[in-house]
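**Q** My questions will all concern the structure given below.
The values are calculated or read from the model by the stated rules, or taken from the named source; none is laboratory data. On a predicted model such as this, the values are computed, not experimentally measured, just so you know. For neighbour counting, all protein chains shown are included, and Cβ atoms are generated from backbone atoms with ideal geometry for every residue, glycine included. These accessible areas exclude ligands, DNA and RNA; they are computed on the full protein's heavy atoms, side chains included. Shrake-Rupley method; radii C 1.70, N 1.55, O 1.52, S 1.80 Å.
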There are 4 protein chains.
Amino acid sequence: MGIEGSGSIATLLVTCPDRKGLVAALAQLLYGHGANIVDSDQHTDADVGQFFQRIRFDLSEIHTDRVAVEHGVAEVAQRFGMTVRLRYPEVPTNVAIFVSRYSHCLDDLLWRYRSGELRCVVRLIISNHPDCAEIARHASVPFHVIPVNSEAKGEAEAKALELLTANDIDLLVFARYMQVVSRDFIERYPSRIINIHHSFLPAFVGQKPYHQAFERGVKLIGATAHYATADLDEGPIIEQGVVRISHRDTVDDLIRKGRDLERVVLANAVRMHVEDRVLVVGKRTVVFD
Amino acid sequence: MGIEGSGSIATLLVTCPDRKGLVAALAQLLYGHGANIVDSDQHTDADVGQFFQRIRFDLSEIHTDRVAVEHGVAEVAQRFGMTVRLRYPEVPTNVAIFVSRYSHCLDDLLWRYRSGELRCVVRLIISNHPDCAEIARHASVPFHVIPVNSEAKGEAEAKALELLTANDIDLLVFARYMQVVSRDFIERYPSRIINIHHSFLPAFVGQKPYHQAFERGVKLIGATAHYATADLDEGPIIEQGVVRISHRDTVDDLIRKGRDLERVVLANAVRMHVEDRVLVVGKRTVVFD
Amino acid sequence: MGIEGSGSIATLLVTCPDRKGLVAALAQLLYGHGANIVDSDQHTDADVGQFFQRIRFDLSEIHTDRVAVEHGVAEVAQRFGMTVRLRYPEVPTNVAIFVSRYSHCLDDLLWRYRSGELRCVVRLIISNHPDCAEIARHASVPFHVIPVNSEAKGEAEAKALELLTANDIDLLVFARYMQVVSRDFIERYPSRIINIHHSFLPAFVGQKPYHQAFERGVKLIGATAHYATADLDEGPIIEQGVVRISHRDTVDDLIRKGRDLERVVLANAVRMHVEDRVLVVGKRTVVFD
Amino acid sequence: MGIEGSGSIATLLVTCPDRKGLVAALAQLLYGHGANIVDSDQHTDADVGQFFQRIRFDLSEIHTDRVAVEHGVAEVAQRFGMTVRLRYPEVPTNVAIFVSRYSHCLDDLLWRYRSGELRCVVRLIISNHPDCAEIARHASVPFHVIPVNSEAKGEAEAKALELLTANDIDLLVFARYMQVVSRDFIERYPSRIINIHHSFLPAFVGQKPYHQAFERGVKLIGATAHYATADLDEGPIIEQGVVRISHRDTVDDLIRKGRDLERVVLANAVRMHVEDRVLVVGKRTVVFD
């Protein structure tokens, strides 16, 4: 459930210093093994001299085997100083969703998950409140309440980490999880925690962004999905969206309109990540959409 | 040229503390004079307890005269503590455009002006550079170069003020005018200077917002038209727009895409202002569009 | 549940031939009863010479009573040939949702309903398939399966009508209900059936609009919420939305992207209707948003 | 003037039946000549089994010469049944703009051209009216009036063709050119005539689309840039845009709002074409943006 059938297509993500011959080397390698490239996207960031590529190739007609392909990729990677990530179709991303009381993002993610939109397995939901238990049950996903209080924050995080490890979690999604998480926790999952912030970053960082937006009198409000980093609201942005507002809209209207935005923006970011479409370069992201 | 013919329609803009009977009083008054209300828009800001209204009414069948209508409006205004602005159709807004070297906003405003989109008269263009002289000439609008250097800023502003006064200017449009103007200058034209800032305020205030946006890795860039106040980039926002960008876009692409945005956002703000659709309430605006 | 508390605010919707004194008459009337107008929106359609107004007024301080207000409204209505609709805050719209197999619009409407976004009561859900029973149960809304087959269509409609009458239904929402309904059925609920069509009408009427859109190679796809009329896909449009697509998108991608659009567009249309913001003028609508 | 300096970058556009080894063959070839691939985009249309690629490569360090590269490309092309188009940086597209009386699209294209946004040379402007002569003069582009009347249509087209041939024109842009052109004329420039239609195709084909849109009561209006084909308004779509409208907008407002859309949509389509980003596949386009 929740995983699109693209049975024989593997995905290769590559990052390395830019130089001649990169494209040829990988294409030649895959061709040599009989793998057909069905999709390829590349980008060169001239600013930092880095090369990025996402290749999807068909394994169904290779005349060697996976081990041989992996060997070949590793050799090319070493030659060019590449960081590579190779994902086989039957190995989906294991996801844990963190939520507090607001349920709209969770609800939306689970609906998409059940309808097969997200190529992942939602292994568990963690919350500091019991409120969303019924939603989790409705989607047949295990739900764990880990209360958080300021004195025993470390204890709560330790419990969460235990669950994450036990479930072999690859990606954490903070779906309006209203707790500040420690630097240590975040650094265990570099570029693997997606947070939704309910403003158009870098505008309105911090608390109550809709109230801030109302005070400032902006004519559009936004939402931002980004990788969590130790510096709050400073992580690499994956996706953003905006919606028009007017003087007729109260703070409550902003919150209502924002909800629609948050769930779409977060869902898009999660989809991009689990389809291996996102690469991080400093504070920016390359999103092969 | 540049003024739509809506020959007999007057516009009344009203601001006052909210209370019962406001709508009835004005409607009754206009009806009493035989004026048909062709359009009416109102808003109550519950936060500050203020009432705002824009009424357009037809003068062609009044059975008194303009003086009598004005008298009546003044009386109602006094009774309810209203600030009112009454504009007759034959009295358009006199506009001065300030520009530096970038011509896209000026070019666009003049094109709209000549095609009759903007209900105003562009009386003159002031620039600290001679670059846009030909564009002004093409549109048959007087062009004045007033060089600005940091030592003699006051002198330059004095010259500009003289021109503005001599031409009876109601509205100043800073169409990418790259000079900081003194507090004194700005306060002479409260809510009557429209500036375009090339970012989605309050994100990326100050210099080189497209470079800032690129550095931060945002996925949308914006433009903001606002009334200039003494606090830079803090004035009440009239209009904002955004456009999607991706990792493929360089700073130059941002600048190019942003240009399209800037000119549309600025033109919309100017159009709203000259059609008497904008009211200011603190740092926010009511825009009856 | 599902109804915003705006305890003492009544809503008056007015349509009539345009003439002088309309605004004054209603404003004066309400003022006379001590009702404060908190919001008013009006529109004159010059093409057809019709006047439209939506007035929200506060009943909490009237010094007469509701009967007297109603009397007064009726008198003014007769004098000016007005069609009026007066709604008190405690009388919400009773809604029936019709659905087939696709659950996304139903799911979304119910989520908004439970979170208090929609000022209505969803009294029942009718479907020609049992698939969505669990979703209905999760939201505690009665779910009725009425199978439809071409021979006994009349019978199925009769059953549905019985349920609608028994539940005093004001508004029918066709949330991707894949059955053609008889002219007779539709004409019982004029401007009271909202349908979502998964294209940007009038483009791609009829079956499989996403397939049609793919074939035609459009760069944007759309969704349209409209009142159902006897002429399929020809009813007055309440709301439309679009989303960008590219050559990379397959028909399946169009369906996925379209789902997000459909649910937002339908929800907006329903919200507008149940807040008495929509008036129909021929094939067009006035939406006071 | 009007051409971005990307001095040593050549662009290769490829279309062919999909099969293994395509990517490798081209990458290997270019690497063999010492050309660095700076950008590459590809697409496989599963429906028709076609492969499309756009490769930009740097010629500055090749250790053979252009003739050798061309030779190599031709060989690979023959082996795989490729249709290829190779453009060197110093050979820009020669453009002719056709216009009638409405000047907004012409004005906008010329402004972009002069500011260096469009990698082309606008060699001439042809019109059936003298109205836009001054705009052409302002941009220093030759302006030719060729009156068209229904009896002598062939004659007018013959004159136009003569000018196009004499000026070695690659691309014709119909910037609101209000004349129906013969099938014969159109077929001389397959996928090389870009037309702007002022609706969201396939909605509102034919005459007066804004009037049609108003009548139908849509909530968004659109504009479509497409290649002209013998079947009116049926050509492959390159770019589309929409803008929101409401019941307040008259037909004149639609025309005004539409103008802003038309010029942006047309300019984007022209930019995509002159940067060799567009490939046609039946009635659809692949746009590598």
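**Q** Provide the per-residue ³J(HN,Hα) series for the stretch C:63-79, in order, calculated from phi with Karplus coefficients 6.51, -1.76, 1.60 and θ = phi - 60°, each as a whole number of Hz, with x at glycine and proline positions.
**A** For the stretch C:63-79, the Karplus curve yields 9, 10, 9, 4, 4, 5, 4, 4, 4, x, 4, 4, 4, 4, 4, 5, 4 Hz.
**Q** Per residue of C:217-226, count partner chain C-beta atoms within 10 Å of its C-beta, then hand back the mean as an integer. Walk me through the intermediate numbers first.
**A** Numbers: counts 13, 9, 15, 9, 0, 6, 0, 3, 1, 2.
The per-residue average across the peptide is 6.
**Q** Shifting gears a bit: For peptide C:63-74, compute the average count of partner chain beta-carbon atoms within 10 Å of each residue's beta-carbon.
**A** Partner Cβ neighbours, averaged per residue: 0.
**Q** Please give the FRET efficiency for residue B:85 paired with residue C:29, using the beta carbon to beta carbon distance and R0 = 25 Å, rounded to the nearest 0.05.
**A** On the way: r = 28 Å, r/R0 = 1.13.
So, using R0 = 25 Å, E works out to roughly 0.35.
**Q** Let me ask something else about it. Sorted from shortest, what are the nm distances separating the label point of residue D:138 from equivalent points in the other copies, each placed 7 Å from Cα along Cα to C-beta?
**A** Sorted ascending, the copy-to-copy spacings read 0.5, 5.9, 5.9 nm.
**Q** Here is a follow-up. Under 5 Å between amide H atoms, partner at least 5 residues away or on a different chain: which partners does residue C:234 have, H built in plane at 1.01 Å?
**A** Counting only residues 5 or more places away or on other chains, the set is C:229.
**Q** Rounded, prolate or oblate, given the Cα gyration tensor of the stretch B:150-245, with a/c below 1.5 counting as rounded?
**A** Since a/c reaches 1.5 and a/b is larger than b/c, the shape of the stretch B:150-245 is classed as prolate.
**Q** Report the Cα centroid-to-centroid distance between the stretch A:126-172 and the stretch A:58-92 in angstrom, as an integer.
**A** Measuring centre to centre over Cα atoms gives 35 Å.
**Q** Another question, if that's okay. Skipping prolines and chain starts, which residues have an amide H placed within reach, meaning under 5 Å, of the one on residue C:94, given they are 5 or more residues away or on another chain?
**A** HN-HN under 5 Å from residue C:94: C:121, C:170, C:171.
**Q** Rounded to the nearest 10 Å², what accessible area does residue D:82 have for a 1.4 Å probe in the complete protein model?
**A** Ignoring ligands and nucleic acids, residue D:82 comes out at about 20 Å².
**Q** Further, regarding this structure: From the cross-link list B:219/B:283; C:219/C:283; A:153/A:208; A:208/B:283, which pairs have alpha carbons spaced over 25 Å apart?
**A** Violating the 25 Å Cα-Cα cut-off are B:219/B:283; C:219/C:283.
**Q** Okay, moving on. For residue D:220, enumerate residues with amide H under 5 Å from its amide H, sequence gap 5+ or separate chain, H modeled in the peptide plane.
**A** It is D:245, by chain and number.
**Q** Return the sequence-ordered ³J(HN,Hα) values of the stretch B:197-204 in whole Hz as given by the Karplus equation 6.51 cos²θ - 1.76 cosθ + 1.60 applied to θ = phi - 60°, using x for Gly and Pro.
**A** 10, 8, 8, 8, 4, x, 6, 6
**Q** Might you report the magnitude of the Cβ-based charge dipole of the stretch D:9-87 about its Cα centre, with Lys and Arg at +1 and Asp and Glu at -1, to the nearest 20 debye?
**A** 120
**Q** So how much accessible surface do C and A hide from each other in total, probe 1.4 Å, in square angstrom to the nearest 100?
**A** Chains C and A together bury approximately 1900 Å².
**Q** Turning to a different aspect of this structure: Might you work out the accessible area of residue B:91 for me, using a 1.4 Å probe with all protein chains in place, and round it to the nearest 10 Å²?
**A** It works out to around 70 Å².
**Q** In the full protein assembly as shown, how much of residue A:73 is accessible to a 1.4 Å probe, in Å² to the nearest 10?
**A** 10
**Q** Right, something else. Among DSSP beta bridges whose residues both lie in the stretch C:93-287, state the antiparallel percentage, nearest 5.
**A** Close to 45 percent.
**Q** Leaving out ligands and nucleic acids, and using a 1.4 Å probe, what accessible area per residue does the stretch A:69-215 come to in Å²?
**A** Here the per-residue accessible area is 45 Å².
**Q** Where in the stretch B:133-148 does the amide nitrogen come within less than 17 Å of the point 7 Å from the Cα of residue D:138, taken along Cα to Cβ?
**A** Zone members listed by number: B:133-144.
**Q** Ranked from the most accessible area to the least, with a 1.4 Å probe and all protein chains present, what is the order of A:180, D:205? Before the final figure, lay out each step's value.
**A** Working: A:180 95, D:205 70 Å².
Of A:180, D:205, the descending order of accessible area is A:180, D:205.
**Q** So, one more: Could I have the simple spin-label model distance between residue C:165 and residue C:48, label points 7 Å from Cα toward Cβ, reported in nm to one decimal?
**A** 3.0
**Q** In sequence order, what are the phi-derived ³J(HN,Hα) couplings for the stretch B:35-48 according to the Karplus relation 6.51 cos²θ - 1.76 cosθ + 1.60 with θ = phi - 60°, rounded to whole Hz, with x for glycine and proline?
**A** Working through the residues one at a time gives 8, 8, 7, 8, 7, 8, 9, 9, 8, 10, 8, 5, 4, 10 Hz.
**Q** Could you tell me what percent of the DSSP beta bridges with both partners in the protein assembly as shown are antiparallel, to the nearest 5?
**A** 70
**Q** Assuming a ≥ b ≥ c are the square roots of the Cα gyration tensor eigenvalues, decide whether the stretch A:5-103 counts as rounded (a/c under 1.5), prolate (otherwise, with a/b larger than b/c) or oblate.
**A** oblate
**Q** Also, I was wondering about something else. When a/c is below 1.5 the answer is rounded, else prolate if a/b is larger than b/c, else oblate, so apply that to the stretch A:93-287 with a ≥ b ≥ c taken from the square roots of the Cα gyration tensor eigenvalues.
**A** Details: a/c = 1.43, a/b = 1.39, b/c = 1.03.
Rounded is the answer for the stretch A:93-287, as its axis ratio a/c remains below 1.5.
**Q** A follow-up question, please. Just counting partner chain Cβ atoms within 10 Å, what average do the residues of peptide D:21-32 show around their Cβ?
**A** That average works out to 6.
**Q** Right, something else. If I compute solvent accessible area with a 1.4 Å probe over the protein chains, what percent of it on the stretch C:1-159 is carbon and sulfur?
**A** 51
**Q** Would you please state which residues of the stretch A:83-99 a label at residue A:64 would reach in this model, taking the label point 7 Å out along Cα→Cβ and a backbone N cut-off of under 16 Å?
**A** Taking a point 7 Å out along Cα→Cβ of residue A:64, the residues of the stretch A:83-99 whose backbone N falls under 16 Å are A:86.
**Q** Here's something else I'd like to know. Under a GNM of chain D (C-alpha, springs under 10 Å), which listed residue has the highest mean-square fluctuation: D:68, D:133, D:175?
**A** It is D:68.
**Q** Between the DSSP loop rule and a limit of at most 12 other Cβ atoms within 10 Å, which GluC sites (Glu not before Pro) in the stretch B:19-120 are left?
**A** B:61, B:90
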